[in-house]
1. From 118, 139, grab the single residue that is assigned to a strand (DSSP E or B), surrounded by 15 or more Cβ atoms within 10 Å (Cβ to Cβ) and either at positive phi or at pLDDT 95 or above (or both).
2. Please enumerate the residues belonging to segment 49-60 that are buried (at least 17 other Cβ atoms within 10 Å of the Cβ) and closer than 26 Å to residue 37 by Cα.
């Protein structure tokens, strides 16, 4: 039964993105999740893999969601055993026939100014905007 639920969830993520605009016909969004929070927590992180099956590079320039005042694209780096995080002002390039993984301790989404508590297994809509104006709306799950 859980395999059926997972397959249905993955289909809806790809279908939602594919219906959002032309650039998304080349993109697949998989495994999207947002870290659960306690009440009153001001921020959290989100993670997802994005595959570009197209013949041209695509640039993810911004992300938004009704759950937060702003969503920033961040990168975590380690310098002299110190973890540093910085906002990527120019977005993320997704190479043609390539994939990027937004994951803990690497590239990720930072949901700032949360408007609600992020709950385990709840679904949240997140919009991804690309340099050419393409837009994809993806469902991401709350997860610990």
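1. Selected residue: 139, the only one of 118, 139 that is assigned to a strand (DSSP E or B), surrounded by 15 or more Cβ atoms within 10 Å (Cβ to Cβ) and either at positive phi or at pLDDT 95 or above (or both).
2. Listed by number, the residues that qualify are 50, 60.
The values are calculated or read from the model by the stated rules, or taken from the named source; none is laboratory data. Since this is a predicted model, take the numbers as computed values, not measurements. A quick note on method: Cβ atoms are made from the backbone with ideal geometry, for glycine too, and the neighbour counts reach across all protein chains shown.
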